[in-house]
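Structure, as structure tokens:
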Amino acid sequence: MILCCCANVNERQVAELLRQGPLSLTELQRNFPVAQQCGRCRDAVCEALRRFAAERG
Ligand code: FES
């Protein structure tokens, strides 16, 4: 599922990166330019970061 249309980043790409450890939004943006253009995805990106962190335990 696409997470950020502007940067063409999907949830799988973010999940794979998060296998290395939890990230803040700023840290994620060093790897993928999400939530830096229209900004509509910002809440969804933050929710995905929380969800992936919770799944890791
Ligand atoms: S959808 Fe992510 S910045 Fe536009």
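Things worth noting here:
- Filtered by the rule that a residue be among the hydrophobic types (A, V, I, L, M, F, W, C) and either within 17 Å of Arg56 (Cβ to Cβ) or in contact with a Cys (Cβ under 8 Å, 6 or more places away or on another chain) (or both), segment 8-43 gives Val14, Ala15, Leu17, Leu18, Leu23, Leu25, Leu28, Phe32, Val34, Ala35, Cys38, Cys41.
- Test: Cys38 is exposed (fewer than 15 other Cβ atoms within 10 Å of the Cβ), among the hydrophobic types (A, V, I, L, M, F, W, C) and at pLDDT 90 or above: yes
- Residue count for segment 1-20 satisfying the condition of being closer than 15 Å to Arg51 by Cβ and of a type in the set (Gly, Ala, Ser): 1.
- Matching residues in the chain - criterion: being touching a residue at least 40 places away in the same chain (Cβ under 8 Å) and within 9 Å of the ligand (Cβ to nearest atom): Leu3, Cys4, Ala44, Val45
The values are calculated or read from the model by the stated rules, or taken from the named source; none is laboratory data. Computed from a predicted structure; not experimentally measured. Cβ: placed from backbone, ideal geometry, glycine included. Neighbour counts: every protein chain shown.
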